1. Does R253 count as out of contact with any Pro (no Cβ under 6 Å at 6 or more places or on another chain), surrounded by fewer than 19 Cβ atoms within 10 Å (Cβ to Cβ), within 30 Å of L146 (Cα to Cα) and not aromatic (F, W, Y)?
2. For segment 238-251, does any single residue satisfy the condition of being more than 21 Å from D269 (Cα to Cα), at pLDDT 95 or above and not in a helix (DSSP H, G or I)?
3. Sort out which residues of segment 217-237 are in a loop (DSSP other than H, G, I, E, B) and closer than 18 Å to C165 by Cβ, and write them in order of number.
4. State yes or no: is E197 at pLDDT 95 or above and charged (D, E, K, R)?
5. Answer with yes or no whether L185 is closer than 27 Å to R38 by Cβ and assigned to a helix (DSSP H, G or I).
6. Output the helices (runs of 4 or more DSSP H) that fall wholly within segment 1-89 and possess 2 or more residues being among the small types (G, A, S), closer than 14 Å to N129 by Cβ and at pLDDT 95 or above, or say none.
7. Filter segment 159-189 down to residues that are surrounded by 19 or more Cβ atoms within 10 Å (Cβ to Cβ), hydrophobic (A, V, I, L, M, F, W, C) and closer than 15 Å to T202 by Cβ and give me whichever is farthest from the chain's Cα centre (by Cα).
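The values are calculated or read from the model by the stated rules, or taken from the named source; none is laboratory data. Quick caveat, the model's predicted, so the values are computed rather than measured. Note: ideal-geometry Cβ built from the backbone for every residue, glycine included; neighbour counts use all protein chains shown.
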Amino acid sequence: MTDGVTRGLPPAVRAFDALAGEFDERFGAWESVSAQRRAVRQALLRAFPDGASLIELGGGTGEDALFLARHGRSVLVTDGAPRMAARTNEKARAAALAGRVTAERVSLEELDTWAAAREGTFFDGAFSNFASLNCILDHGPVARGLARLLPPGRRALLVVFGPLCPGEMLVLLARGKGRAAFRRLARAPAPAHVGGETFTVTYPAPRALAREFAPWFRLKGTLGVGVFVPPSSAEPAVSRFPRLLGALEALDRVFGKPLALLGDHVLLDFERTDAPE
């Protein structure tokens, strides 16, 4: 619900701002989410060496940033929701990681303007997890903003919803939600209802996103996240079967690359080109 703090912010930002206080408790106990998060974190550790300075987009309550900080990286978390940014800073102080993790309220829509005002500020890499990029229609400000912040050759690992998720289709069909089961195939914006707000979610294919990020970024590879691990729509039931989830997680490690487009999420590995800002 809109209040004086979030009035004027995008609907998706207001929605997740309303969940900031309960976000970790609500989603942190779901084993499918944890399994998908582990896959992304391993990719981040491989991509960004110890000591790297990173910027995170749509970082929520800072869970991934805190993980990376414990493994020697420094992260500036950006999120459009003021309560999410505040929660991240609180957690960083409580974990004695405030020197490695800081958060600022910056929405994806504002990233280009924010980056332009910080001329000369550069990072060793960028990342975004769990589909914040699917909550905006125009990715131009994100691509231009990242181009200002990353020197040529640096990488941006962006995790978005996959264009086709058989696991989600099966779960939703079993629950009698036939229309929702095929929403990703439509490619048109689909309505989402979170935190008392309604906003749109898009499901662009990786190639379509690559075109939006050109000429500043080149798509180097993709990784399926949640190809066999069930989507969050299967929760909380699937968390009752940890051994099964472990086996499915092992399958994801084997087939994540060849079956990337079938994942609940897809990690897009972009490299900054030498194209001028």
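1. Values: out of contact with any Pro (no Cβ under 6 Å at 6 or more places or on another chain): yes; surrounded by fewer than 19 Cβ atoms within 10 Å (Cβ to Cβ): yes; within 30 Å of L146 (Cα to Cα): yes; not aromatic (F, W, Y): yes.
Taking the combined requirement at face value, the residue satisfies it.
2. Yes; the residues of segment 238-251 include at least one that is more than 21 Å from D269 (Cα to Cα), at pLDDT 95 or above and not in a helix (DSSP H, G or I).
3. Across segment 217-237, the qualifying residues are G226, V227, F228, V229, P230, P231, E235.
4. Working: at pLDDT 95 or above: no; charged (D, E, K, R): yes.
Here the answer is no, as E197 does not meet what is asked.
5. Details: closer than 27 Å to R38 by Cβ: no; assigned to a helix (DSSP H, G or I): yes.
The answer is no for L185.
6. Because the criterion is at least 2 residues that are among the small types (G, A, S), closer than 14 Å to N129 by Cβ and at pLDDT 95 or above, the helices (runs of 4 or more DSSP H) in segment 1-89 that meet it are 31-47.
7. So, considering only residues that are surrounded by 19 or more Cβ atoms within 10 Å (Cβ to Cβ), hydrophobic (A, V, I, L, M, F, W, C) and closer than 15 Å to T202 by Cβ, the one farthest from the chain's Cα centre (by Cα) is C165.
This table checks each residue for (1) among the aliphatic types (A, V, I, L, M); (2) under 27 Å from G153 (Cα atoms).
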residue	(1), (2)
E212	no, yes
G226	no, no
R243	no, no
F270	no, yes
A275	yes, yes
